[in-house]
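The values are calculated or read from the model by the stated rules, or taken from the named source; none is laboratory data. None of the values given here were measured: they were computed from a predicted structure. FYI the Cβ positions are ideal-geometry reconstructions off the backbone, even for glycines, and counts take in every protein chain you see. Just so you know, the surface numbers come from the protein's heavy atoms only, side chains and all, with ligands and any DNA or RNA stripped out. Shrake-Rupley method; radii C 1.70, N 1.55, O 1.52, S 1.80 Å.
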Amino acid sequence: MPLITLNELFKAINRHITLSPSLKQALEERLSSVVFKKREVVLHPHQVCTKSYFIQEGILRLYYYKEEKEITEFFSGVGEWVNSPRSFMSRQPDIYYLDAVQETKAWTLHVEDLLYLFEHFPEMERYSRMDMGSIFIHLMDRLHSLRFSTAKDKYLHFLASYPDIHHHIPLGMAASYIGITQETLSRLRRPKK
């Protein structure tokens, strides 16, 4: 994987707000790069999530176990932030694991640094609200899909939700996210004759 730069992160922020030179400098001083190996667990459920990750390359996934079965909540790909939202906001342990679906390069920002940025750069709070709004819309669409859709509709929603990364996600993880068996997903993926 090539060396990661902050350019993609700055572009993502600039889509929502104007990134001032002072905010850019403050971010550069607080962000650090990290690389996760494929299948590396980034966060365990007994830990408090204190960092948020901006993905430069790769895919991270948030999931939990129910009755010894993995249940995938969501995937995050290039150009997206990810953390365990409840734990990150409440600073309490949560039920979620965060792991790397494939080797992943990311920028990491500690919650205390984020709070500093909010306090000193009001535009950063605006950026965060706008970014969270898009995540909220995604989650509402997903809830609707899980409650009111057929297996085929859920699969099509998955493809539409993750157009750039769905082909990199293993079958079992995709089936877990969609809420169907691997066999059903295999049938749905098979071309019709």
For the chain, size of Cβ-based charge dipole, Lys and Arg +1, Asp and Glu -1, in debye
920
In the full protein assembly as shown, how much of Glu29 is accessible to a 1.4 Å probe, in Å² to the nearest 10?
120
Which whole-number percentage describes the relative contact order of the chain, with Cα contacts under 8 Å and a sequence gap of 6 or more?
23
Using a ≥ b ≥ c from the Cα gyration tensor of the range 28-106 (square roots of the eigenvalues), is it rounded, prolate or oblate, where a/c under 1.5 gives rounded and otherwise the larger of a/b and b/c decides, a/b for prolate?
oblate
Lys/Arg Cβ at +1, Asp/Glu Cβ at -1, dipole of the range 147-191 taken about the Cα centre: which of Ser176, Phe158, Leu188 is farthest positive-ward?
Leu188
Count charges around Lys24 for me, please; just the other residues with Cβ under 13 Å from its Cβ, Lys/Arg as +1, Asp/Glu as -1.
-1
With a Cα-only, solvent-free Debye model of the range 43-85, what are the log10 I(q)/I(0) values at q = 0.20, 0.22, 0.34 Å⁻¹?
-0.67, -0.78, -1.21
What shape does the range 1-59 take by its C-alpha gyration tensor, where a ≥ b ≥ c are the square roots of the eigenvalues and a/c under 1.5 counts as rounded, a/b above b/c as prolate, and the rest as oblate?
prolate
Computed helical MRE - 222 nm, the chain, DSSP H runs ≥ 4 contributing -39500 (n - 2.57), nearest 500:
-14000 deg cm²/dmol
Which one, (i) 1.94; (ii) 1.08; (iii) 0.94, gives Cα Rg over 2.2 N^0.38 Å as derived from the coordinates shown?
(ii)
Just to make sure I understand: if all protein chains stay in place, what is the order of Ser52, Ser32 by accessible area at 1.4 Å, largest first?
Ser32, Ser52
Among Leu23, Ser33, Leu60, the residue whose Cα sits farthest towards the positive end of the charge dipole of the chain (+1 at Cβ of Lys and Arg, -1 at Cβ of Asp and Glu, taken about the Cα centre) is Leu60
Give the shape of the range 147-193 as rounded, prolate or oblate, defined through the alpha-carbon gyration tensor: a ≥ b ≥ c are the square roots of its eigenvalues, a/c under 1.5 means rounded, and otherwise the shape is prolate if a/b is larger than b/c and oblate if not.
rounded
For the charge dipole of the chain, defined by +1 on Lys and Arg C-beta atoms and -1 on Asp and Glu C-beta atoms about the Cα centroid, which residue among Ala12, Phe75, His110 has the Cα displaced farthest towards the positive pole?
Phe75
Given a 1.4 Å probe and every protein chain left where it sits, what share in percent of the accessible area of the chain is carbon and sulfur?
53
Please work out the average accessible area per residue across the chain, using the 1.4 Å probe convention, and give it in Å².
58
Quickly rank 150-162, 170-182 as a protection proxy: mean count of other C-beta atoms within 10 Å, highest first.
170-182, 150-162
Pick from Glu123, Glu183, Glu80: which residue has the top mean-square fluctuation in a GNM of the chain where Cα pairs under 10 Å get a spring?
Glu183
